[in-house]
1. Can PRO10 be described as away from the ligand (no atom under 13 Å from the Cβ), more than 18 Å from the chain's Cα centre (by Cα) and either farther than 21 Å from ILE84 by Cα or in contact (Cβ under 8 Å) with a residue 12 or more places away in the chain (or both)?
2. Here are some residues: ASP41, ASP46. Which one is closer than 28 Å to LYS213 by Cα and touching a residue at least 40 places away in the same chain (Cβ under 8 Å)?
3. Among (1) open to solvent by 40 Å² or more (accessible area, probe 1.4 Å); (2) touching a Gly at 6+ places or on another chain (Cβ under 7 Å); (3) among the aliphatic types (A, V, I, L, M); (4) more than 16 Å from the ligand (Cβ to nearest atom), there is one condition VAL150 misses while meeting the rest; what is its number?
4. Kindly check whether there is at least one residue in the range 58-70 that is away from the ligand (no atom under 15 Å from the Cβ) and either under 14 Å from the mean Cα position of the chain (by Cα) or buried (at least 20 other Cβ atoms within 10 Å of the Cβ) (or both).
5. Tell me which residues, restricted to the range 91-114, are assigned to a helix (DSSP H, G or I) and crowded, with 21+ Cβ neighbours inside 10 Å.
6. Can you tell me which residue within the range 236-257, out of those that are under 18 Å from VAL204 (Cα atoms) and either assigned to a loop (DSSP other than H, G, I, E, B) or modelled with pLDDT under 95 (or both), is most open to solvent (accessible area, probe 1.4 Å)?
7. If we scan the range 80-87, do we find a residue that is among the aliphatic types (A, V, I, L, M), closer than 21 Å to LEU175 by Cβ and in contact (Cβ under 8 Å) with a residue 24 or more places away in the chain?
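The values are calculated or read from the model by the stated rules, or taken from the named source; none is laboratory data. Bear in mind that the values here come from a model prediction, so they are computed numbers and not experimental data. A quick note on method: Cβ atoms are made from the backbone with ideal geometry, for glycine too, and the neighbour counts reach across all protein chains shown. These accessible areas exclude ligands, DNA and RNA; they are computed on the full protein's heavy atoms, side chains included. Shrake-Rupley method; radii C 1.70, N 1.55, O 1.52, S 1.80 Å.
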Amino acid sequence: MPNNLLVEGPEEGVLVLTLNRPDALNALNTEMLGNLSTALDNAEADPKVRSVVIAGSRKAFAAGADINEMAARNLVGIFEDPRIAHWERIGRFTKPIIAAVNGFALGGGCELAMHADILIAGENARFGQPEINLGIMPGAGGTQRLVRKVGESLAMQMALTGESIDAKRALQAGLVSEVCQPELTVEKAIGIARTVARKAPIAVRLTKESVRKANDMNLAEGLRFERHAFTVLAGTADRQEGLDAFREKRKPQFKGQ
Ligand code: CAA
């Protein structure tokens, strides 16, 4: 049986994780989510990894939770679902994640894409929360993150009708930051990941954390968090290096110190 998660790198600081269940349109079963979670655990601990790209295939980023697996679980099985811990692990990853989305990103696939910090979509991408068609509802952030990304009206429409939106609409709505030809999506995501990987790691980590706080905090609290994070960076060697390099007209050499 082929490995359902391909792990490449890190190369130039970028780890590429490719979902690989082509026969099931990359439906997220427990094993694949577990592999993703383990890969992120390893990436978190590896200083050579500065950013991560998550990709799928040309036809599907991921077509949702594995419906066959889900059908075999009763209430207690869903309540004790080991995938909850995997989702939580993805959500607290501290390094930037860039999602390269081609084709279907539905249900858990859309939710996985929304765990990323930057979303790049191919022109053939389709984002949706079709769980309502199965008599269920999103359970991995599809009602919460989607509202924060695209606003309540569109999120409500997607979650209540189950209808998906195309890449152009996703761009207009702010769900993705760029749309490109499907054959370029992964390359584009890796390019962005490499750019991020060259920055000072502690500044990157605090920037990610601070931007994310904007969804959780009111403005005054968020500004206070940002100010504290900004102040912490004043104690890093990389800050000194960045400022020195600018003044000496050379490229900075950041060390994560
Ligand atoms: N789970 C398990 N298998 C899936 C799957 C899924 N989510 N999505 C697709 N597949 C399988 C199909 O069963 C099919 O397998 P077989 O060849 O063995 O029959 C194979 O992938 C190819 O799929 P289709 O033949 O259906 O391909 P298509 O191009 O005609 O249609 C599609 C593509 C519109 C995405 C359609 O497959 C589909 O509607 N999939 C289900 C999408 C969905 O409802 N996702 C939400 C799941 S629930 C969820 O995600 C909840 C949560 O996170 C908490």
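1. On the way: away from the ligand (no atom under 13 Å from the Cβ): yes; more than 18 Å from the chain's Cα centre (by Cα): no; either farther than 21 Å from ILE84 by Cα or in contact (Cβ under 8 Å) with a residue 12 or more places away in the chain (or both): yes.
No.
2. Values: ASP46 fails: touching a residue at least 40 places away in the same chain (Cβ under 8 Å).
Only one candidate passes the filter, namely ASP41.
3. VAL150 satisfies all of (1) open to solvent by 40 Å² or more (accessible area, probe 1.4 Å); (2) touching a Gly at 6+ places or on another chain (Cβ under 7 Å); (3) among the aliphatic types (A, V, I, L, M); (4) more than 16 Å from the ligand (Cβ to nearest atom) except (1).
4. Of the range 58-70, the ones away from the ligand (no atom under 15 Å from the Cβ) are none.
No - not one qualifying residue is present in the range 58-70.
5. Correct list: GLY108, GLY109, CYS110, GLU111, LEU112, ALA113, MET114.
6. If we take residues in the range 236-257 being under 18 Å from VAL204 (Cα atoms) and either assigned to a loop (DSSP other than H, G, I, E, B) or modelled with pLDDT under 95 (or both), then LYS251 is most open to solvent (accessible area, probe 1.4 Å).
7. Of the residues in the range 80-87, the ones among the aliphatic types (A, V, I, L, M) are 84-85.
Next cut, closer than 21 Å to LEU175 by Cβ only: none.
Looking for residues that are among the aliphatic types (A, V, I, L, M), closer than 21 Å to LEU175 by Cβ and in contact (Cβ under 8 Å) with a residue 24 or more places away in the chain, one finds none in the range 80-87, hence no.
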